[in-house]
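Step one of this worksheet: look at the structure below.
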Amino acid sequence: MRHQWYPVGIAAKLPDSPAESLLLGERVHIGRAKGGGPQVTDAKGRALPVLTRFGHVWTTLGTPERDLFTIPEADQPGRRLVDVGTVRVRCSPLRAVENFLDIAHFPFVHTDILGAEPHTEVERYEVEIREDSDEVWATKVRFFQPQAAKSAGGGITTDYMYRVPAPTCSILYKTSPPRPGEWDVITLFVQPMTEELCQVWPWMALFDDASTMTDMIHFQQMIFVQDRSILENQIPAKLPLDPGLEIPTRADMTSIAYRRWLKRHGYTYGAQLVAA
Amino acid sequence: MSDFAAERFAISGDLGSPVFVPWVERHARRLGLAASISERSPTRMQVRIEGPAELVDAMEVGCLLGPIEVWVDDIAREPLNDRAANRTADA
């Protein structure tokens, strides 16, 4: 768990004096180095490795074997890159990612925006753990959405792909309303503060020439705030790696693949290992 | 109404833990399915599952994750062409 890269701040909004935060239960300080670049230190004042990618500062408490994952769309001309801000959620970091992967809750939690009754059925889609990239992918996901994005003029059936490239990060690719042949990219980068507390850093790479930056940020923040009350009341609080009393179904296959992948990697920070 | 299914699950993986058989039986009971285990080794298990088709699907989904002590590589499903497979039952 220590040997992963984790997001800890927005690169463009680093505080001048170091701000205290938590990473995997350990105190860290995030701020600017003398030269102006990002600096993260641990509780002993030791400088931790840092990266700046996708608008965010990333750090690690260990020695990652792999570089941070890539998002090729981030470099595609014409996209607007949106630092959405941050939401602190009193839930397991793995629960936050799992919720992001769940389509079935759209009509009930994001009513008349990302879903609406009676369009509640999740059609069959494909899920796999890709061995070459060691990532979870869900493809051919389709869902009717009354307002798929700030740029959407009305209800459309939206195509989705989900990708989990790191244990606390998920990337959603969805039909871009103004450019139906392209994918909008919406990410959820999660900083695991403790096993039951996390800082969520959403980031987007969108085709949208009409909306203001403020409108796009507000739209996405509204979605995450709607999710927060659900996330903070999940029982059990940690993500079960044994289905236990839960009855997962076909619609939950992305969540199951994610949990299988965590299990295979022995990633248990924020996970419940025994049956609920 | 839901289609009734009778299928054989051939589960493969690292299945040596003694918790797996009771786990499979308990999960089937929770789903209201009949389950009988016909063959078992540390890497393979065959289970006959009967019940509403959607719940048989849910059994596969649950078994793919399984208990923490077990790693399931794959579940090959085979419909059983006996009388049970042709029945229908209330969902």
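The values are calculated or read from the model by the stated rules, or taken from the named source; none is laboratory data. Everything numeric here is computed off the predicted structure, so don't read it as measured data. Heads up, the Cβs are rebuilt from the backbone with ideal geometry, glycines too, and the neighbour counts pull from every protein chain shown. Surface accessibility is based on the protein's heavy atoms, side chains included, excluding ligands, DNA and RNA. Shrake-Rupley method; radii C 1.70, N 1.55, O 1.52, S 1.80 Å.
No other residue among B:36, B:41 is at pLDDT below 95, at negative phi, under 9 Å from the mean Cα position of the chain (by Cα) and open to solvent by 10 Å² or more (accessible area, probe 1.4 Å) apart from B:36.
Would you kindly identify the strands (runs of 3 or more DSSP E) lying entirely within region A:159-245 that contain at least 1 residues that are out of contact with any Leu (no Cβ under 9 Å at 6 or more places or on another chain) and open to solvent by 60 Å² or more (accessible area, probe 1.4 Å)?
Values: elements: A:169-176, A:179-194, A:197-206.
Those strands (runs of 3 or more DSSP E) span A:179-194.
Of the set (1) open to solvent by 50 Å² or more (accessible area, probe 1.4 Å); (2) within 9 Å of chain B (Cβ to nearest Cβ); (3) basic (Lys, Arg), all apply to residue A:260 but (1). One residue is enough: does region B:4-21 have a residue meeting the conditions touching a residue at least 24 places away in the same chain (Cβ under 8 Å), open to solvent by 60 Å² or more (accessible area, probe 1.4 Å), within 11 Å of chain A (Cβ to nearest Cβ) and part of a strand (DSSP E or B)? Yes.
Just to be sure I understand, how many residues within region B:6-53 are of a type in the set (Val, Ile, Thr) and touching a Pro at 6+ places or on another chain (Cβ under 9 Å)? Steps first, please.
Step one: of region B:6-53, the residues of a type in the set (Val, Ile, Thr) are B:11, B:19, B:21, B:24, B:37, B:43, B:47, B:49.
This time we only want the ones that are touching a Pro at 6+ places or on another chain (Cβ under 9 Å), so: B:19.
The total comes to 1.
For (1) within 12 Å of chain B (Cβ to nearest Cβ); (2) of a type outside the set (Gly, Ala, Ser); (3) out of contact with any Gly (no Cβ under 8 Å at 6 or more places or on another chain), each residue gets a yes or a no:
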{"site": "A:207", "(1), (2), (3)": "no, yes, no"}
{"site": "A:210", "(1), (2), (3)": "no, no, yes"}
{"site": "A:215", "(1), (2), (3)": "no, yes, yes"}
{"site": "A:219", "(1), (2), (3)": "no, yes, yes"}
{"site": "A:224", "(1), (2), (3)": "no, yes, yes"}
{"site": "A:235", "(1), (2), (3)": "no, yes, yes"}
{"site": "A:244", "(1), (2), (3)": "yes, no, yes"}
{"site": "A:270", "(1), (2), (3)": "no, no, yes"}
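Against the definition (modelled with pLDDT under 90 and not in a strand (DSSP E or B)), how does residue A:95 come out, yes or no? So residue A:95 does not fit the description; no. Within region A:218-239, residues that are assigned by TED's automatic domain parsing to the domain that holds residue A:101 have Cβ atoms under 8 Å from residues that are among the basic types (Lys, Arg) and crowded, with 17+ Cβ neighbours inside 10 Å in these pairs: A:219/A:150; A:231/A:95; A:234/A:95; A:237/A:95; A:238/A:95; A:239/A:95; A:239/A:259, counting only partners at least 6 apart in sequence or on another chain.
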